[in-house]
């Protein structure tokens, strides 16, 4: 374990492309990052699920890291997402992130052949041995094909030097109580399942990892702040206001829906990489209504 | 559709590495390929699940294609496995395989964000538009995170120019009847789930895709031949003889178990890439017994 | 184990009710039984899934047993289905079946709280101790909420006196190979998943448990006979002819679809017990087409 | 909808039997009910999962209803659990409960053939038409083989006269937000998954349905009261104190573990009905430790 800690909103920028291209649009990346920081981001975390991290080739990935560092320019810490099939590739990325000046890495296992716990443990251990960056162990069974129990996550934090934080995206609130209970409240954990955010904060989460910040203005930050200031009714109201939008983006594919929502807000982030398809027109219409409804209430 | 067809045993070589390294051992690759051809392979299919195709970087992957072409040297056709998250990467590999002189590609979708049928369809369509090689659509839900129904597979064969064969690895025999029924027997399909091979042949499969050929001598080929010659009792006997071994390698991770079995036969193929771990000693012992038992009966 | 054995078609009559009533229609029951026997039934098995055994109260259940015995009148053996939550109720029914003169019982576990293997074992053991009838252990995970492995089923046959046969309805053909392999071919097993019947016969099944006999004339029996006489092409043709119908009744709820099909053939079996609802009109139309198509080919 | 409402702890008595018998032990039933009422029960709910409601025959079931009414003697309201395969049996029980003087019924669907939403809807509708008692619609997918969405549950409350409350036992906290959101906070809902109770209260649950009351003294009631009085830290402490025990009884089968715990507390409730087996000695030891640990902290 080490001492880096983050609290609040960990914001996920998308990876913007020029239209119908897989070339990264740097200018729009800057625009998205600026929007998230001005909306109250406590950290910027590129290359997660919303950032299509798993879909980029090495050069794109490196470029994204470099440009994020450049555009954030020290305003907030940066946490780099790493989801790789091989330990070798994950190590390379961890080292790149460290060399570039990132503050932490968020690592999820990713599987073709299903991984056993000793295999996952070794994966994190090797990364920890190869880089000095603090590691957020990230459990996201719905996309990674691997489900890490709370007990196993806590063991890794206890036993692997740089693994010091947990991000839980399974959506099962009970896992957070388990982390809290098993670590006696000593391990900072973060919520990655947008639509249970309020429960997660109540369960002791230190922060909320979300692509919604900026996209729906500062509403996620206001929710977090209200809760932390003990304004529970206000937090409840803010939560209900965002809930339909949050559910929509989780249920219909984060990268695709978030990119469509940026377009609706006139920020041209382009499309997610094929084979991912853009949102259908019908779904775009639903999303537009949800977005309007959510933003209208933000006064 | 086009005219390339294969019948019999499609053999999967592993990707051999030098010990505790991720450097490909060309000499052992040649040895494995020669063993499989001398054991009766009707085609060689590198870079499938047993070949750790999804775990190699681009340079390793290219190297494996080139060396396979060189070592097979026209003795049998070559089918290259492609399992990529992005369509762009799959297209690049399809084109590389074609340029190198391979005879066909075996393509499975692979998913981080879950794919819809239109997304999968587009994936195959784009590959078909970019390469002239015949495509074997490969359904392997347990590792790819995507399950394609028989109906959808048949639609792709009917509607996408170069998709002309199906490999079914779900282990659900009924899917094969569906393919047969829905295509009126016109689409060649292949079994990829080792332990139901005899049922698959009875259901009309044109071939059996397996990493076991060579590893257990020519037993898989003898099973196929017996069945095709109408020697049903002999086929049954050969099947029962191989079944415990086939089940073991499927249930315990193909790449890892097959590599361990090669080592037991004194062919030094090295370990599967981390995070995959070598077979535990206890499991190695089980495997050794199964291997001995299976080979002893081959007289 | 004991010596009762059955081979061929085990036919499942429905439990006919007067229209919009839960009163059993004895006359129609006789009509259904006669139809199945004249269509070649090798045994009659009331009170299975198609017979709504789990939905009847004790008096209805007893009545059904008595009337079946009376109407079959010794023409073929009778196997009584028992699916009970408590061992006590299962024992009562086993004893009733024996006293009434049935030849065997077909017992499936049924669960509210999920059952462990020791609990299931004890269930069968207690029944075996309480009745002298041979027991067919029946695995049907989709409705019983319990999935018994082939290994466990074989253990029960080996260790529990009256458990002597297995009915497999999971639809996973590999389970049958396991039974065959683990028992060295000594345990008779039966297929309960209509749409894999031909694979099951090829895998060594002694019989086919089906509600389709009679409903589609003698087609199921002709399929069985063709296969057993070594007329494999004819068996294949007969299988393909019945397949769409068989799939429809399995996929859409056996009791409801089979009852609807009897009505389409002008045998008034009434409706399945609420909360089960009759087939929608749209589905009835599909069923009518499938039924016509299947019967038309029977010449 | 109608006006009956309950708030607080809905306590589940077990159904006590004489040792190794299926005869109900009335005296111990009275003892359990008295213990739960003196521990702060706001309602008594016999014949739920912990009460083995689904395992009793009609006479036992009636007897349990009668005796519960007699022993509670008006001190708190009584809610009778009904989980039946047929609508007919559920209606009979609803009418019996009403005639006996119960205040409400808690109805879960139960399935052999999987039920569709129209079938479930009709089940509740028919019960509502046959009895004047308020109905708590009870979703418990892990034992009932049916999972009702929050949307569907809310629809039933809106459209069926006597369905006025929801009990959610899926353990998915998000469902409670959905109920709250979809009904605009107008439908009272109750938590049935012990180990998420604190999240449930935070999400707006009116009460907690639990077999733990009495068994671990008044701890569940103190948790509820603390939360309602705004003593959040105390509620948190009380929750953590009970959590390991609550998890154990949920994960290892409610009826079996709760009965074992009563025995450990020297209240002879006997064993759950076969095929359910008593807790193994090893598990009893674990349970004893958990129980001591939980009770020790209650000072």
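Could you list, in sequence order, all residues of the range A:160-173 that are surrounded by fewer than 22 Cβ atoms within 10 Å (Cβ to Cβ) and within 14 Å of chain D (Cβ to nearest Cβ)?
Correct list: A:170, A:171, A:172.
Looking for whichever is in contact with a strand residue (DSSP E or B) (Cβ under 9 Å, 6 or more places away or on another chain) and without any contact (Cβ under 8 Å) to a residue 60 or more places away in the chain here; the options are D:269, D:197, D:256. Which one fits?
The unique qualifying residue is D:197.
Please go through the range B:200-216 and give me each residue that is modelled with pLDDT of 95 or more and not in a loop (DSSP other than H, G, I, E, B), ordered by number.
B:200, B:201, B:207, B:208, B:209, B:210, B:214
What tally of residues in the range B:146-159 results from selecting those that are surrounded by fewer than 21 Cβ atoms within 10 Å (Cβ to Cβ) and either out of contact with any strand residue (DSSP E or B) (no Cβ under 6 Å at 6 or more places or on another chain) or within 14 Å of chain C (Cβ to nearest Cβ) (or both)?
Counting residues in the range B:146-159 that are surrounded by fewer than 21 Cβ atoms within 10 Å (Cβ to Cβ) and either out of contact with any strand residue (DSSP E or B) (no Cβ under 6 Å at 6 or more places or on another chain) or within 14 Å of chain C (Cβ to nearest Cβ) (or both) gives 7.
What are the residues in the range B:134-145 that are assigned to a helix (DSSP H, G or I) and more than 7 Å from every other protein chain (Cβ to nearest Cβ), if any?
Those that are assigned to a helix (DSSP H, G or I) and more than 7 Å from every other protein chain (Cβ to nearest Cβ): B:141, B:142, B:144.
Testing residue C:79 on (1) more than 27 Å from residue C:119 (Cα to Cα); (2) in contact with a strand residue (DSSP E or B) (Cβ under 6 Å, 6 or more places away or on another chain); (3) buried (at least 24 other Cβ atoms within 10 Å of the Cβ), one condition comes back false. Which one is that?
Status for residue C:79: all satisfied but (1).
So residue B:48 passes all but one of these: (1) crowded, with 24+ Cβ neighbours inside 10 Å; (2) in a loop (DSSP other than H, G, I, E, B); (3) more than 12 Å from chain A (Cβ to nearest Cβ). Which condition number does it fail?
Looking at each condition in turn, residue B:48 falls short on (3).
Kindly indicate the residue of the range B:51-61 that is over 17 Å from residue B:214 (Cβ atoms) and in contact with a strand residue (DSSP E or B) (Cβ under 8 Å, 6 or more places away or on another chain) and also farthest from the other protein chains (Cβ to nearest Cβ) among those meeting that condition.
Among residues in the range B:51-61 that are over 17 Å from residue B:214 (Cβ atoms) and in contact with a strand residue (DSSP E or B) (Cβ under 8 Å, 6 or more places away or on another chain), the one farthest from the other protein chains (Cβ to nearest Cβ) is B:60.
Any chance the range B:129-136 includes a residue that's at pLDDT below 95, over 25 Å from residue B:33 (Cβ atoms) and out of contact with any helix residue (DSSP H, G or I) (no Cβ under 8 Å at 6 or more places or on another chain)?
No.
Within the range A:73-93, can one find any residue that is farther than 22 Å from residue B:273 by Cα and in a helix (DSSP H, G or I)?
Taking every residue of the range A:73-93 in turn, none turns out to be farther than 22 Å from residue B:273 by Cα and in a helix (DSSP H, G or I).
If you check residue B:73 against the conditions, is it under 23 Å from residue A:109 (Cβ atoms), surrounded by fewer than 23 Cβ atoms within 10 Å (Cβ to Cβ), at pLDDT 95 or above and out of contact with any strand residue (DSSP E or B) (no Cβ under 8 Å at 6 or more places or on another chain)?
no
Could you figure out which of (1) in contact with a strand residue (DSSP E or B) (Cβ under 7 Å, 6 or more places away or on another chain); (2) part of a loop (DSSP other than H, G, I, E, B) isn't true of residue D:171?
With respect to (1) in contact with a strand residue (DSSP E or B) (Cβ under 7 Å, 6 or more places away or on another chain); (2) part of a loop (DSSP other than H, G, I, E, B), residue D:171 is out only on (1).
Among the listed residues C:206, C:241, which satisfies the condition of being over 24 Å from residue B:179 (Cβ atoms) and in contact (Cβ under 8 Å) with a residue 24 or more places away in the chain?
Exactly one residue qualifies, and that residue is C:206.
Taking the conditions exactly as written (within 15 Å of the chain's Cα centre (by Cα), within 14 Å of chain A (Cβ to nearest Cβ) and crowded, with 23+ Cβ neighbours inside 10 Å), does residue B:109 satisfy them or not?
yes
Restricting the range C:112-133 to residues that are at the interface with chain D (Cβ under 8 Å from one of its Cβ atoms) and outside any helix (DSSP H, G or I), which is surrounded by the fewest Cβ atoms within 10 Å (Cβ to Cβ)?
The selected residue is C:114.
When you go through (1) farther than 20 Å from residue B:143 by Cα; (2) within 14 Å of chain B (Cβ to nearest Cβ) one by one for residue A:185, which number turns out not to apply?
The one condition residue A:185 does not meet is (2).
Looking at residue A:72, is it in contact (Cβ under 8 Å) with a residue 12 or more places away in the chain and more than 30 Å from residue B:47 (Cβ to Cβ)?
Yes.
What helices (runs of 4 or more DSSP H) completely inside the range D:217-299 contain at least 2 residues that are within 21 Å of the chain's Cα centre (by Cα) and within 14 Å of another protein chain (Cβ to nearest Cβ)?
Those helices (runs of 4 or more DSSP H) span D:219-228, D:232-251, D:254-264.
Which condition breaks for residue A:34 when tested against (1) under 23 Å from residue A:219 (Cβ atoms); (2) buried (at least 17 other Cβ atoms within 10 Å of the Cβ); (3) in contact with a helix residue (DSSP H, G or I) (Cβ under 9 Å, 6 or more places away or on another chain)?
Evaluating residue A:34 over (1) under 23 Å from residue A:219 (Cβ atoms); (2) buried (at least 17 other Cβ atoms within 10 Å of the Cβ); (3) in contact with a helix residue (DSSP H, G or I) (Cβ under 9 Å, 6 or more places away or on another chain) leaves (2) as the failure.
Return the only residue of A:85, A:64 being within 14 Å of chain B (Cβ to nearest Cβ) and over 26 Å from residue A:206 (Cα atoms).
A:85
Only one of these is at pLDDT 95 or above, surrounded by 17 or more Cβ atoms within 10 Å (Cβ to Cβ) and within 13 Å of chain B (Cβ to nearest Cβ): A:102, A:97, A:90. Name it.
Just a single option satisfies the conditions, and that option is A:90.
The values are calculated or read from the model by the stated rules, or taken from the named source; none is laboratory data. Every value quoted in this text rests on a predicted model; they were computed, and no experiment measured them. No Cβ is skipped: glycine too gets one built from the backbone with ideal geometry, and neighbour counts run over all protein chains shown.
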